[in-house]
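K.L.:
So that we are looking at the same thing, I have put the structure below in structure tokens.
Since every read-out is calculated from the coordinates, none of them should be taken as a lab result. Computed from a prediction, not measured in an experiment: that's the story for all the values here. Backbone-built Cβ (ideal geometry, glycine too); neighbour counts: all protein chains shown.
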Amino acid sequence: MGGLRMRVFLLFLIIGIFDFHVVCGYTRPPPRRTLFIPLADPDSDSPQQVHISQVGRDRMRISWITDGPTSARVDYGPSPAANAVSATGKTSSYRYLTYESGEIHDVVIGPLNPKTVYYYRLGGSPSSQTYSFQTPPSQFPIKFAVVGDLGQTEWTKSTLEHIGNSTYDMLLLPGDLSYADVIQDLWDSYGRLVEPLARQRPWMVTQGNHEVEKIPVLHSEPFTAYNARWRMPYEESASDSNLYYSFDVAGVHVIMLASYTDFDPDSSQYKWLQGDLKNINRVNTPWVFALIHAPWYNSNTAHQGEPESVSMKASMEDLLYQSRVDLVFAGHVHAYERFYINPKPEISMFREASFGHGILDVVNASHALWSWHRNDNDEPVVSDSVWFTSLSSNPSCKV
């Protein structure tokens, strides 16, 4: 399939471990040191690595880890007392070579009201720490923070601070979370690093190549840590895998795809995507976004010709094009780039090798403002912005 089929394609990878070539006359500052966030109190069974994710339209999954056995219970409510309702969930753990995880707790709470602050306590103890989160809105406007290949360096830390100041409603992450790369203690460090944000707003993620973590002979099961630690609402969208799923939020249908599992026309993922796209109601969700890790378009020298990009594009691009998906986000390349076919024929409209994050402010059913916030020596600088019009609002683009 030749040519640029997608009307809009956004390509970015925000926090990179490696430094690639300079584009657009901008010189990216050098990499910074990797962080390791230790457990504050090694002798405590207090909750750590708390993060939340949306489940359905009015529920939230709260996930956390403890070093020892505790109750998978959440007490929550709209007041700081956090005692109006309680819910219980499941506890699991996993082994990876000589590593044994802590107790991983997952509890789904709700129904919840939109755009409302809820307070919650974990583990069933009245004396445990009280946290809070805000639910997303049920209608426009809604603001997404978008960040890929986050890692855990000093650049990560300052970028997370910038995101935290952006009043976002939900974070979308197209793969490569911790860069643990089989060192499982780095998954724990990552969970502690992102917790201050991830426990306050839903983080919806998909996997990248650094989540595979297969070792021939020694550990043959892929995505062991990712699936155990970052459980997403795949069953609710009729998916058979935590690696790909979809959800609706405030008039937007978001599709999370898996670049590192089967995606050919005979695969479960392909057949699931066919069904998911057919079930979209553009009256209820006039916007449709998709997230992948390995980009289908990329004008940088890095990551060219990889099967996860080339073959997945050949298999799935036409499905997204025929269903008029509005925006596609990707990662993997460690540089920001935006593609847009109209009004110019050049596919690459803007690119720079910068650390940073994106903000997508979906104002209404027809218009959304995208902005790229470059992390310029710890100061967020808007270096690219563009207004998008939804395909569902254009009579000539009706499915």
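K.L.:
5 Å is the cut-off here: which amide hydrogens, built 1.01 Å from N in the peptide plane, fall below it relative to S132, excluding neighbours closer than 5 in sequence?
P.N.:
For S132, whose amide H was placed from the backbone, the distant partners under 5 Å are Y120.
K.L.:
By the gyration tensor of its Cα atoms, with a ≥ b ≥ c the square roots of the eigenvalues, what is the shape of the stretch 49-134: rounded for a/c under 1.5, prolate for a/b over b/c, or oblate?
P.N.:
Verdict is prolate for the stretch 49-134.
K.L.:
Oh, and also: Per-residue ellipticity at 222 nm for the chain, helices alone: DSSP H runs ≥ 4 residues times -39500 (n - 2.57), over residue total, nearest 500 deg cm²/dmol?
P.N.:
-4500 deg cm²/dmol
K.L.:
Helix 185-198 versus the longest principal axis of the chain: what is the Cα-based angle in degrees, 0 to 90, to the nearest 10?
P.N.:
The answer is roughly 80 degrees.
K.L.:
Using the Karplus curve 6.51 cos²θ - 1.76 cosθ + 1.60 with θ = phi - 60°, what ³J(HN,Hα) values do you get for each residue of the stretch 163-168, in whole Hz, with x for Gly and Pro?
P.N.:
4, x, 8, 9, 6, 6
K.L.:
For q = 0.14 Å⁻¹, what log10 I(q)/I(0) does the stretch 136-210 give under the Debye formula with an equal point scatterer on each alpha carbon and no solvent?
P.N.:
-0.44
K.L.:
If you don't mind, another one. Charges on Cβ only, +1 for Lys and Arg, -1 for Asp and Glu, centred on the Cα centroid of the stretch 49-134; of N83, P111, F133, which one is farthest towards the dipole's positive end?
P.N.:
Farthest along the dipole direction, towards plus: P111.
K.L.:
Also: Pull up all non-local amide H partners of Y94: gap of 5 or more, or a different chain, and H-to-H distance under 5 Å with H placed in the peptide plane.
P.N.:
Amide H to amide H, under 5 Å and 5 or more residues apart or across chains, Y94 pairs with S101.
K.L.:
If the only charges are +1 at each Lys and Arg Cβ and -1 at each Asp and Glu Cβ, what is the size of the charge dipole of the stretch 49-134 around the Cα centre, to the nearest 20 debye?
P.N.:
About 280 debye.
K.L.:
How would you order 29-40, 243-254 from highest to lowest mean count of nearby Cβ atoms within 10 Å?
P.N.:
Order by mean packing, descending: 243-254, 29-40.
K.L.:
For the stretch 179-245, restrict the atom set to alpha-carbon positions and state the Rg and Dmax in Å.
P.N.:
12.9, 40
K.L.:
Between helix 307-322 and the chain, what is the angle of the helix's C-alpha long axis to the longest principal axis, kept within 0 to 90° and rounded to the nearest 10?
P.N.:
Tilt relative to the chain: about 80 degrees.
K.L.:
When you count, for each residue, the other Cβ atoms within 10 Å and take the mean per peptide, how do 372-378, 147-153 rank with the highest first?
P.N.:
Top to bottom by mean Cβ count within 10 Å: 147-153, 372-378.
K.L.:
For the stretch 51-61, in order, what is each residue's ³J(HN,Hα) by Karplus, 6.51 cos²θ - 1.76 cosθ + 1.60 with θ = phi - 60°, in whole Hz (x at glycine and Pro)?
P.N.:
So the J values, rounded to whole Hz, are 8, 10, 8, 6, 10, x, 7, 9, 9, 9, 9.
K.L.:
Round to the nearest 10 and give me the degree value, 0 to 90, for the angle of helix 268-278's Cα axis relative to the longest principal axis of the chain.
P.N.:
Result, in degrees: 70.
K.L.:
Given Cβ point charges of +1 (Lys, Arg) and -1 (Asp, Glu) and nothing else, what value in debye, to the nearest 20, does the dipole of the chain about its Cα centre take?
P.N.:
Its charge dipole is roughly 1140 debye.
K.L.:
Using the eigenvalues of the Cα gyration tensor, what equivalent ellipsoid semi-axes result for the chain when each is taken as the square root of five times the eigenvalue, whole Å, largest first?
P.N.:
Values for the chain, descending: 32, 24, 21 Å.
K.L.:
While we're on this one: Positive end of the charge dipole of the stretch 222-295 (Lys, Arg +1 and Asp, Glu -1 on Cβ, about the Cα centre): tell me which of L291, V252, P222 has its Cα farthest that way.
P.N.:
It is V252.
K.L.:
Using θ = phi - 60° and the Karplus curve 6.51 cos²θ - 1.76 cosθ + 1.60, what whole-Hz ³J(HN,Hα) does each residue of the stretch 216-228 get, with Gly and Pro shown as x?
P.N.:
So the J values, rounded to whole Hz, are x, 6, 7, 8, 8, 8, x, 6, 4, 5, 4, 5, 6.
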